[in-house]
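What follows is a set of notes on a single structure, which appears directly below.
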Amino acid sequence: MRTALKDAGVSGPLQLAGSHFAMGCVALEITQRCNLDCALCYLSDHSEAVRDVPLEEIYRRIDRIRDQYGPHTNVQITGGDPTLRARDELIAITRRVRERGLVPSLFTNGIKATRDLLRDLAEAGLRDVAFHVDMTQGRKGYANERALNALRLEYMERVRGLGLHCIFNTTVFDGNLADVEMLAGFFRREADLVRMASFQLQAETGRGVLGAAGADGLTVPGVLQRIERGAEARLHFDWPQIGHPDCNRYGSLFVAGRRAEPVFDDEALFAAAFSAGRGLRFDRHKPLTALRSALAFARKNPSLVARFAGYGWRKAMALAPGLAASGGKLRKLTFYVHNFMDAGALDAKRCEACVFMTMTSDGPISMCVHNAKRDAFILQPVKMSDGQVWRPLKTGNPGAELPLKLLKGRRRQEADARRRAN
């Protein structure tokens with residue numbers, strides 16, 4: 001990772017990848033099936049015809065993540081929508097990820113992610129749940145992103161009290177670009193439950209029908225500006241860096257009542273802290289473990305303690321009215337912007353420096369490469385431990401016409417057009 005980032009010209013003291021962790025996260029796709037048909041879907045034309053990967057192979061991929069990237073690696077249990085997998089298998093997969101010392105997160109559209117299921121998954125070791133909600137999904141009864149906030153609030157209540165960190169993913173496209181500012185403000189107000197809000201820019205990949213971005217301002221700088229306006233704070237998205245800045249931008253806020261302050265606003269202080277803190281882990285799910293790490297850091301770096309004391313005093317003074325109004329409640333909200341590449345315009349340097357991988361039967365591959373060449377991975381037979389070969393397609397060959405019920409995205413539109421013409 002360090003070599004790839006250096007070759008891409010994006011290494012340095014404020015780069016966390018390659019110094020504090022070997023990999024940002026790894027997607028573990030446990031099904032290709034989905035119960036929505038998103039206009040910017042990254043799945044394949046064949047995805048609905050692909051069987052769920054056997055548990056034995058899923059377990060092997062989990063073990064490979066642990067072997068390759070080490071403990072504490074973030075694993076996104078995803079798909080398709082992972083809640084379409086058999087309940088007992090989804091729970092077993094989550095437990096396996098946690099037992100291997102990895103950090104499991106569930107990435108779902110939320111339709112089948114009931115509170116009972118989330119409770120069982122939390123007991124099995126789930127740490128985060130990320131709900132994908134936006135207007136590309138064609139959910140009936142919701143006219144715009146503001147209307148979808150009611151659904152987001154419903155999903156938040158499913159998580160309340162379960163010890164899970166709640167994340168929301170939003171695909172930004174021509175149709176909701178103007179709503180990014182409103183959404184950022186909404187997530188800031190709901191920081192009591194929401195820990196991260198991720199915005200993913202429109203990309204031409206998979207079976208989606210919308211294609212490449214076309215709106216003015218649908219660029220990383222344009223989206224960052226809208227987030228800052230909505231959050232009513234300068235977020236310093238230029239640092240810290242997590243991987244390639246053309247791919248990922250990251251900014252965090254302290255939120256207390258109606259007051260908000262950027263977490264990272266002293267570049268020299270955090271550059272020194274990141275350099276001194278290599279090897280230390282601050283587990284956001286375990287406050288006592290994080291406190292022990294902070295104390296160990298302080299003992300080793302007394303010269304930085306006074307500087308952080310000044311930083312802490314400055315933040316406390318700025319947040320004091322909000323802390324008083326909220327009964328001392330302090331929350332941290334992170335905004336993340338992902339700029340996935342179009343399938344026909346992959347940048348080799350960015351792919352090599354990727355911090356968002358997908359685990360396949362042959363090992364990890366950059367998420368953007370995986371999306372661009374998905375059939376090469378999901379249609380690959382897998383040899384099992386008993387010598388049998390598992391074949392992924394439910395019906396026909398990759399080039400065969402699929403039944404109408406298995407078609408989504410462009411191929412579904414084409415089939416519907418042919419039916420109307422006939």
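The values are calculated or read from the model by the stated rules, or taken from the named source; none is laboratory data. Everything numeric in this text was worked out from a predicted model, so none of it was measured. For neighbour counting, all protein chains shown are included, and Cβ atoms are generated from backbone atoms with ideal geometry for every residue, glycine included. Each accessible area value is taken on the protein alone, full model and side chains, heavy atoms only, with ligands, DNA and RNA left out. Shrake-Rupley method; radii C 1.70, N 1.55, O 1.52, S 1.80 Å.
Per-residue Karplus couplings for segment 336-349, computed as 6.51 cos²θ - 1.76 cosθ + 1.60 with θ equal to phi - 60°, are listed in order as 10, 10, 9, 10, 6, 8, 5, 4, x, 9, 6, 9, 4, 4 Hz, Gly and Pro entered as x. Determine by what factor the alpha-carbon radius of gyration of segment 368-422 differs from 2.2 N^0.38 Å, reporting the quotient. The reported ratio for this selection is 1.50.
Packing around the peptides 140-153, 98-111, taken as the average count of other Cβ atoms within 10 Å per residue, puts them in this order, highest first: 98-111, 140-153.
If I stretch the segment between Thr395 and Ala147 completely, what's the gain in nm (0.36 nm per residue apart, minus their alpha carbon distance), one decimal?
That pair, Thr395 and Ala147, stretches by 85.3 nm at full extension.
Cysteines in the chain lacking any other cysteine Cβ under 4.7 Å from their own Cβ: Cys25, Cys34, Cys166, Cys247, Cys351, Cys354, Cys368. Among Ala348, Ala113, Ala213, the residue with the largest mean-square fluctuation in a Gaussian network model of the chain, with springs joining Cα atoms closer than 10 Å, is Ala348. Compared with the direct C-alpha span, the chain from Arg229 to Lys332 gains 35.3 nm at full extension, assuming 0.36 nm per residue. Quick one: helix 267-276 against the long Cα principal axis of the chain, what's the angle to the nearest 10°, folded into 0 to 90? Roughly 80 degrees, rounded to the nearest 10. Can you tell me, using C-alpha contacts under 8 Å and at least 6 residues apart, the relative contact order of segment 151-267 as a whole percent? 22 percent. With the simple model of a label 7 Å out from the Cα in the direction of the Cβ, Arg189 to Ala22 spans 4.4 nm. Calculate how steeply helix 409-421 sits against the longest principal axis of the alpha-carbon atoms of the chain, using the helix alpha-carbon long axis, and give the answer as 0 to 90 degrees to the nearest 10. Between the helix axis and the principal axis of the chain, the angle is about 40 degrees. Taken about its Cα centre, segment 100-245 carries a charge dipole of roughly 380 debye when the Cβ of each Lys and Arg holds +1 and the Cβ of each Asp and Glu holds -1. Near Arg374, once Lys and Arg are set to +1 and Asp and Glu to -1 for all other residues with Cβ below 12 Å from its Cβ, the sum equals -1.
Which FRET efficiency value, to the nearest 0.05, is calculated for Ala178 and Arg115 with the Förster distance at 25 angstrom and r the Cβ-Cβ distance? Between Ala178 and Arg115 the formula returns 0.15. Using C-alpha pairs under 8 Å with a sequence gap of at least 6, the mean separation divided by the residue count of the chain gives a relative contact order of 21 percent. Once Rg and the Kirkwood radius are both taken over the C-alpha atoms of segment 90-218, their ratio Rg/Rh works out to 1.00. With both labels modelled 7 Å from their Cα along Cα-to-Cβ, the Arg410 to Ala348 distance reads 2.6 nm. For a modelled paramagnetic label at Arg299, 7 Å from Cα along Cα-to-Cβ, the residues of segment 242-280 in reach, with backbone nitrogen under 19 Å, are 276-280. Placing R0 at 60 angstrom, the Cβ-Cβ distance between Ala276 and Arg51 gives a FRET efficiency of 0.75 after rounding to 0.05. Rounded to the nearest whole Hz, the Karplus-based 3J(HN,Hα) values (6.51 cos²θ - 1.76 cosθ + 1.60, θ = phi - 60°) of segment 11-28 follow the sequence 8, x, x, 9, 9, 7, 5, x, 10, 9, 7, 7, 7, x, 6, 10, 7, 10, with x at glycine and proline. Charged neighbours of Arg258, selected by a Cβ distance under 10 Å, balance to +2 (K, R count +1; D, E count -1). Relative contact order of segment 1-121, taken over Cα pairs closer than 8 Å and 6 or more residues apart, is 28 percent.
Taking each pair of different alpha-carbon atoms in segment 193-267 once, compute 1/r for the pair, average those values, and report the inverse of that mean as the Kirkwood hydrodynamic radius in Å to one decimal. The answer is 14.1 Å.
Taking a sphere under 12 Å around the Cβ of Gly175 and counting the other residues whose Cβ falls inside, with K and R at +1 and D and E at -1, yields a net charge of -4. Applying D = kT/(6 pi eta Rh) to segment 244-394, where Rh is the Kirkwood radius over alpha-carbon pairs, T corresponds to 25 °C and eta to 0.890 mPa s, the Stokes-Einstein value obtained is 125 µm²/s. Taking all protein chains as shown and a probe of 1.4 angstrom, His20 keeps an accessible surface of around 50 Å².
The modelled label-to-label distance for the pair Ser361/Lys383, using points 7 Å beyond Cα in the direction of Cβ, is 1.1 nm.
A simple packing score, the average count of other Cβ atoms within 10 Å per residue, orders the peptides 322-335, 78-91, 379-392 as 78-91, 322-335, 379-392, with the highest score first. In order along segment 148-165, the phi-based Karplus estimate (6.51 cos²θ - 1.76 cosθ + 1.60, θ = phi - 60°) of 3J(HN,Hα) comes to 5, 4, 5, 5, 4, 5, 4, 5, 4, 5, 5, 8, 3, x, 8, x, 9, 7 Hz; Gly and Pro are listed as x. Can you work out the PRE-style zone for Ala268? Point 7 Å along Cα to Cβ, and I want the residues of segment 307-340 with backbone N under 19 Å. Within reach of a label on Ala268: 307-315. With R₀ set to 41 Å, the beta-carbon distance separating Asn422 from Glu157 gives a calculated FRET efficiency near 0.30. Highest GNM mean-square fluctuation among Arg259, Arg64, Arg278, for the chain modelled with Cα contacts below 10 Å: Arg278. Counted over the chain, the DSSP beta bridges are approximately 35% antiparallel.
Which loop GluC sites (Glu not before Pro) in segment 165-239, with loop taken from DSSP, have no more than 15 other Cβ atoms within 10 angstrom of their Cβ?
Glu232
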